[in-house]
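The values are calculated or read from the model by the stated rules, or taken from the named source; none is laboratory data. What you are looking at is a predicted structure, and each value in this text was computed from that prediction instead of being measured. Cβ coordinates were reconstructed from backbone atoms using ideal geometry, including for glycine residues, and neighbour counts include every protein chain displayed.
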Amino acid sequence: MRYVATIEGAEHEVEVEELSADTYAIRFGDQSFEADLRRVGPASVSIIVNNRSFDFDLAREGDEIVVASRTGATRLTLVDASRHAMRARRAPREVSGRVEIKAAMPGRVVNVLVAAGDEVTADQGVIIVEAMKMENELKSPKAGKVTEVKVVAGQTVEKGELLLVIE
Amino acid sequence: MRYVATIEGAEHEVEVEELSADTYAIRFGDQSFEADLRRVGPASVSIIVNNRSFDFDLAREGDEIVVASRTGATRLTLVDASRHAMRARRAPREVSGRVEIKAAMPGRVVNVLVAAGDEVTADQGVIIVEAMKMENELKSPKAGKVTEVKVVAGQTVEKGELLLVIE
Amino acid sequence: MFKRILIANRGEIAVRVIRACRDLGIESVAVYSDADRAALHVREADHAVHVGPAPAAESYLKIDRILDAAKRTGADAIHPGYGFFSENAAFARAVEDAGIVWIGPPPEAIERMGDKVEARKLMAAAGVPVVPGSPGTLETESEVRSIAKKIGFPIMIKAAAGGGGKGLRLVENDKDLASVVRTVSSEAKSSFGDGRFYVEKFVRNPRHIEIQVLADRKGNTVHVFERECSIQRRNQKVIEESPSPFVTPEMRARMGEVAVRAARAVKYYSAGTIEFLADADHNFYFLEMNTRIQVEHPVTEMVTGLDLVRTQIEIAAGETLPFKQHDIEQRGWAIECRIYAEDPAAGFVPAPGRIETLRFPDGPGIRNDAGVYPGAEVPIYYDPMISKLAAWGSDRAQAIDRMRRALGEFIISGDLTTNLAFHRWIMNHPDYLAGNFDTGFIGREYRPGPSHEKDADHERMAAMLLAAMAAQRGAGGTNGKAPAAPARERSAWRTLGRIDMLRR
Amino acid sequence: MFKRILIANRGEIAVRVIRACRDLGIESVAVYSDADRAALHVREADHAVHVGPAPAAESYLKIDRILDAAKRTGADAIHPGYGFFSENAAFARAVEDAGIVWIGPPPEAIERMGDKVEARKLMAAAGVPVVPGSPGTLETESEVRSIAKKIGFPIMIKAAAGGGGKGLRLVENDKDLASVVRTVSSEAKSSFGDGRFYVEKFVRNPRHIEIQVLADRKGNTVHVFERECSIQRRNQKVIEESPSPFVTPEMRARMGEVAVRAARAVKYYSAGTIEFLADADHNFYFLEMNTRIQVEHPVTEMVTGLDLVRTQIEIAAGETLPFKQHDIEQRGWAIECRIYAEDPAAGFVPAPGRIETLRFPDGPGIRNDAGVYPGAEVPIYYDPMISKLAAWGSDRAQAIDRMRRALGEFIISGDLTTNLAFHRWIMNHPDYLAGNFDTGFIGREYRPGPSHEKDADHERMAAMLLAAMAAQRGAGGTNGKAPAAPARERSAWRTLGRIDMLRR
């Protein structure tokens, strides 16, 4: 199998070949290695390469795979080489004058300091959200007008939930 | 649901009724209880009855269920009340003059002290089996004749594997 | 001794008290909200009583429900843990009025120390050094402005009923004053039911050092040396140690003596802590007294060999302190890292969720007080603490070596982010290693950023690529075993605690 | 200091040494057989080298393969752990000849102490008390018979090259003599490659008490007090503690002095242990010297605060002992329970298998040195130890209270049987609590039998019946979460460690 791996922005062509049930050949650049891989937990693998032992926890986050060890973690993507060529690039998203204020964490709305139609200045406090007894006053990132208020005081909100819109 | 529970040889009629997703009514003898049950692990449950908290690990062994807590364990069987009446009793097994010597644990045969056809006396050592460097000389439980030798020195054996037969 | 103790708390401290009960052969009673039915403290206790819905104000902070739970289960004493009712004199009195023993200090002492303004006056009168500030409580922005004019910015605005790093904010200059006063007042009202606050001169870059005290009901009072708690984020401690690398033998003796004097001034009994700010010249000032067991009590236990929770229970039962001041000795060094479900890269906001897999460190010198188990939920409603990881060594260097090792062994995965990588960063920071830090350390030094394997050599690279391939295919090696069930696998892949190392 | 240490061992002791390496910033090299590819020590190490098939004789005990592994990974020192090569002078010499540092005592000391017959002679000459017995080694049944006639039955027949409870058998009378001689000889030949044996008068109901010693290469030798190891099954320790409830301050001083003399007699360096038998009159006799780290070293570490494995490494690196005799103090009490995959009801035969779920105890005073993780296999080929659970308390009563609590928290399930319930039984036995026991304790007192909840009241009964129903239906409550995946569930139901409580 040939892959294109993207690590910290750099692309690498990788070839992985299964030699037996547990051993693999990995080639990238002018390097070639034989590795022994065992599953040691639901999302953990033990890998031995040239007598070096690596114990990784693995996670998927969207397109990315996170490979974490006791000393650090690396985030990478792996794409089938044949599909890589065809892969469409996403068009950069338009940045509009509309700003959405979203909940950074799950919590409870303590107070909404503005109403739809209010004019606000940059850095003006617009809403207070509480999580675990810590209250956080969220501020407007720009001067503008409040066009939508999606929540009321006392309401529980999820992480990423839209609270209000400023245009 | 009605069950017949057998605990340490005594039979109890039990009725269990699901009151909601997590709560149950349990009746046995003249006792009646309401209980809250939650799964807290692959084979662990937390149960609260009359404000008493029970944390059990559960295991099935054949027909039996083992309910284990921090202080002890109880082995019981639970049979659907309607099937209980029809349940056939197993006939007691015949005890024959044939004695099978089996491996009590997984291990390795160090030495076979007898051959098929040999006459042995009660308590005579017949085979030496090693597990984890401990050698154990197995003895004939009765006087008789070795009719079968199923293993050879150096062979690895499983728990319960037949080693030899004395008649 | 008591027959049955109700623990009016949750999480790791409830488990800690249950362990002390078990050691003493005392039955334990847990209370739980809707969010905590399957929590570890409920599983570990002998009894468990439901006290209401998830929000603490409707369950853990309902006096009548807690007392009713105690009566229904026949509890003869109540331990409040820390937080919740631990510094609530009204609750302590209600407990005593109900004929149940309160495992804590006299309600009067809680009250006098709980009113931070009165406490300042009282301590000054007892000859305990205090920081310059407002003589009494304030209620308006303009009052604050006039005090600030007198003592000069920066100032700290503190809720009169606050404590434990909650209800206090720094004001650097006049411009921010209005917004901060509004926030503190709102937070104080909703968290403590008391909107009053006071002002203190902000001591820049102080050390936060505290002295543990123990006193019985017969007036025997001892101190159990200091804890260094200067490593803080959001004005809350994350790493504590004992002894302090900053405290000299002379300073230790003086602080201990002052702490005993402070405790005696309020006729204190049970375990308590006198918190001090220390400046670079080894001057120290009374900050507040915590009239309860502290989160960070394990480091004192590891260094002195005492069991502070057990001693609290014995004192409440009327026993005499089984040791005198000269019996208590410091041996070696202990450090505690508070492992939280929080996101250091996003200003340490809580990031709770469900724990999938969990492996705790162990071995020589390691202790880990946890409130969770694999499959448990860290609820959004409460303090998002996962565990308190503590390491002991014969000296500070060994304690740090062991902590670093333990942090490496700690594995937690699930729908949550942890501060494990943040702790690893501190345990390798030259200033921390040199004992050279103050309460501003994290704010000045911590810059979240990518922490990928910078020195990844080719072998590590090959291993990582293979691991990534295994992750993508959803299957690792065989190891001669059946692979884990797909359903379980799917959820475990989602996120892993270790990934908090990488942020961009 | 070393750059990279190879650990010529497996299981918990390999993990223990890896932890010491990590604390010291030294890289670790694991070796593994086919059975141990996924073992914890391989996962935890920085390097790992395959050394052969599952049987130890073909992997862990292959001198050339271990040395080759060290050379290939650039290891500059080898730590042998306990068992395997730890008391093999030929291996120690081969290591040194290869230019690699041997983290252990001088090969000559191993040799002289390894020959139990020579050791007896040597110790007697050095003024160390020894038990009456054969003056030299024996080879035939008739030789044994003539010695027995002289010193009288019962006698112990011991392999000259044995040790650690292996290769020794009791003969009560003339009738059993032939069979025992045959077994010991066969076992000695296959296990140690040396069929010679010797005979000692059997001291009935002795205490087994040992003294830890530490010595550097410069001749500084100290003792680190005693360990009480009388709780044994199959002539092997299962519970150890320090201090011993039997040893008086005078006896401790004498034993320590004798132990240092014994170590000096063989120009010892590194960590070592002098084992003694003690009779009811507080007389003690040299039994053997273990020229390696002991399984039970954690209790000494907990009581003294020393790190014995770290000290071993430092001594091997040529460092001077960083403490003198008067610097070493005993604080409190520590107890260790060896948690084995074995079946106490079936004569303590090994009962290894795969571990499904695993939850370790923790909290104040608890340490658990494990060699396994959830999903790991306890292989049939080696010592079936799961972990070493240790509890520290300020006195013996508190240490026992904490051990009892920790044993209650310990959950292990899978295709294996454990001795957890056996340990719980001992921790509640009045004679154990009174400190009143000897090496015959388990043989006399332990009667495996059903240990169901005898005092199960109706509420517990109701809970058990409901749990059983849940088990039968294969589904518990909902807790608002998806139930665990069926495949995983099936295997977890199979057997559970806690069920070893019930045997019939």
Requested in this report: Determine whether the stretch C:340-355 contains at least one residue that is at the interface with chain D (Cβ under 10 Å from one of its Cβ atoms) and of a type outside the set (Ser, Thr, Tyr).
Outcome: yes
**Report entry** Wholly enclosed strands (runs of 3 or more DSSP E) of the stretch D:234-292 bearing at least 1 residues among the basic types (Lys, Arg) and farther than 20 Å from D:Leu122 by Cβ
**Finding:** D:236-242
Report task. Just give me the residues in the stretch A:39-54 being among the charged types (D, E, K, R) and either under 17 Å from C:Arg460 (Cβ atoms) or touching a residue at least 40 places away in the same chain (Cβ under 8 Å) (or both), in sequence order. Result -> A:Arg52
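Here is a check on your reading of the model: is C:Ala316 modelled with pLDDT of 95 or more, closer than 30 Å to C:Glu96 by Cα and crowded, with 21+ Cβ neighbours inside 10 Å?
yes
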Requested in this report: Could you list, in sequence order, all residues of the stretch D:458-481 that are modelled with pLDDT under 85, outside any loop (DSSP other than H, G, I, E, B) and either out of contact with any helix residue (DSSP H, G or I) (no Cβ under 9 Å at 6 or more places or on another chain) or in the same structural domain as D:Arg424 (by TED's automatic domain parsing) (or both)?
Outcome: D:Gln472, D:Arg473
Query - Elements of type helices (runs of 4 or more DSSP H) in the stretch C:39-128, at least 1 residues being under 20 Å from the mean Cα position of the chain (by Cα) - result: C:40-44, C:107-114, C:116-125
Requested in this report: Kindly provide the set of residues from the stretch B:102-129 that are of a type in the set (Asp, Glu) and in a loop (DSSP other than H, G, I, E, B), ordered by number.
Outcome: B:Asp118, B:Asp123
Report task. Answer with yes or no whether D:Pro80 is under 26 Å from D:Ser190 (Cβ atoms) and surrounded by fewer than 18 Cβ atoms within 10 Å (Cβ to Cβ). Result -> no
Report summary line: Taking the stretch C:257-297 and keeping only residues that are out of contact with any Leu (no Cβ under 6 Å at 6 or more places or on another chain), within 19 Å of C:Phe84 (Cα to Cα) and at pLDDT 95 or above, one is left with C:Ser270, C:Gly272, C:Thr273, C:Met289, C:Asn290, C:Thr291, C:Arg292, C:Ile293, C:Gln294, C:Val295, C:Glu296
Report summary line: Given the conditions (1) out of contact with any Asp or Glu (no Cβ under 9 Å at 6 or more places or on another chain); (2) facing chain C (nearest Cβ under 7 Å); (3) crowded, with 18+ Cβ neighbours inside 10 Å, every one holds for A:Leu76 apart from (1)
Query raised in the report: Looking at the stretch C:437-457, which of its residues are modelled with pLDDT of 65 or more, under 18 Å from C:Ala421 (Cα atoms) and either among the small types (Gly, Ala, Ser) or out of contact with any helix residue (DSSP H, G or I) (no Cβ under 6 Å at 6 or more places or on another chain) (or both)?
Result: C:Phe441, C:Ile442, C:Gly443, C:Arg444, C:Glu445, C:Tyr446, C:Arg447, C:Gly449, C:Ala456
Query raised in the report: Residues in the stretch D:325-332: is at least one more than 17 Å from C:Ser394 (Cα to Cα), more than 9 Å from every other protein chain (Cβ to nearest Cβ) and among the aliphatic types (A, V, I, L, M)?
Result: no
Requested in this report: Would you be able to say whether some residue in the stretch C:361-373 is of a type outside the set (A, V, I, L, M, F, W, C), in contact with a His (Cβ under 9 Å, 6 or more places away or on another chain) and buried (at least 22 other Cβ atoms within 10 Å of the Cβ)?
Outcome: yes
Requested in this report: Identify the residue in the stretch C:13-38 that is touching a residue at least 60 places away in the same chain (Cβ under 8 Å), under 22 Å from B:Glu34 (Cα atoms) and more than 9 Å from every other protein chain (Cβ to nearest Cβ) and, among all such residues, is surrounded by the fewest Cβ atoms within 10 Å (Cβ to Cβ).
Outcome: C:Ala35
Report summary line: Picked from the stretch B:106-128 (must be within 10 Å of B:Ser140 (Cβ to Cβ) and touching a residue at least 40 places away in the same chain (Cβ under 8 Å)), the residue nearest to the other protein chains (Cβ to nearest Cβ) is B:Val126
Report summary line: Condition set over 17 Å from D:Glu210 (Cβ atoms) and part of a loop (DSSP other than H, G, I, E, B), scope the stretch D:293-322, selection farthest from the other protein chains (Cβ to nearest Cβ): answer is D:Gly318
Report task. Filter the stretch C:1-38 down to residues that are part of a helix (DSSP H, G or I) and acidic (Asp, Glu) and give me whichever is nearest to D:Gly365 (Cα to Cα). Result -> C:Asp23
Query raised in the report: Here is a list of conditions, (1) within 26 Å of the chain's Cα centre (by Cα); (2) assigned by TED's automatic domain parsing to the domain that holds C:Thr183; (3) farther than 23 Å from C:Ser186 by Cβ; (4) among the basic types (Lys, Arg), and C:Lys149 meets all of them except one; can you say which number that is?
Result: (1)
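Each row is one residue, and each column tells you yes or no for (1) within 22 Å of C:Arg310 (Cα to Cα); (2) at pLDDT 95 or above; (3) in the same structural domain as C:Ile313 (by TED's automatic domain parsing); (4) touching a Leu at 6+ places or on another chain (Cβ under 9 Å).
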position	(1), (2), (3), (4)
C:Leu40	yes, yes, no, no
C:Ile63	no, yes, no, no
C:Lys71	no, yes, no, no
C:Ile78	yes, yes, no, yes
C:Glu96	yes, yes, no, no
C:Gly99	yes, yes, no, no
C:Ala119	no, no, no, no
Report summary line: When every residue in the stretch C:144-199 that is part of a strand (DSSP E or B) and among the charged types (D, E, K, R) is compared, the one farthest from the other protein chains (Cβ to nearest Cβ) is C:Lys158
Query - Yes/no for A:Gly144 being at pLDDT below 90, in contact with a helix residue (DSSP H, G or I) (Cβ under 8 Å, 6 or more places away or on another chain) and either more than 25 Å from C:Pro384 (Cα to Cα) or more than 13 Å from chain C (Cβ to nearest Cβ) (or both) - result: no
Report summary line: Picking from A:Arg98, A:Arg87, the residue that is in contact with a strand residue (DSSP E or B) (Cβ under 9 Å, 6 or more places away or on another chain), on the phi < 0 side of the Ramachandran plot and at pLDDT 75 or above would be A:Arg98
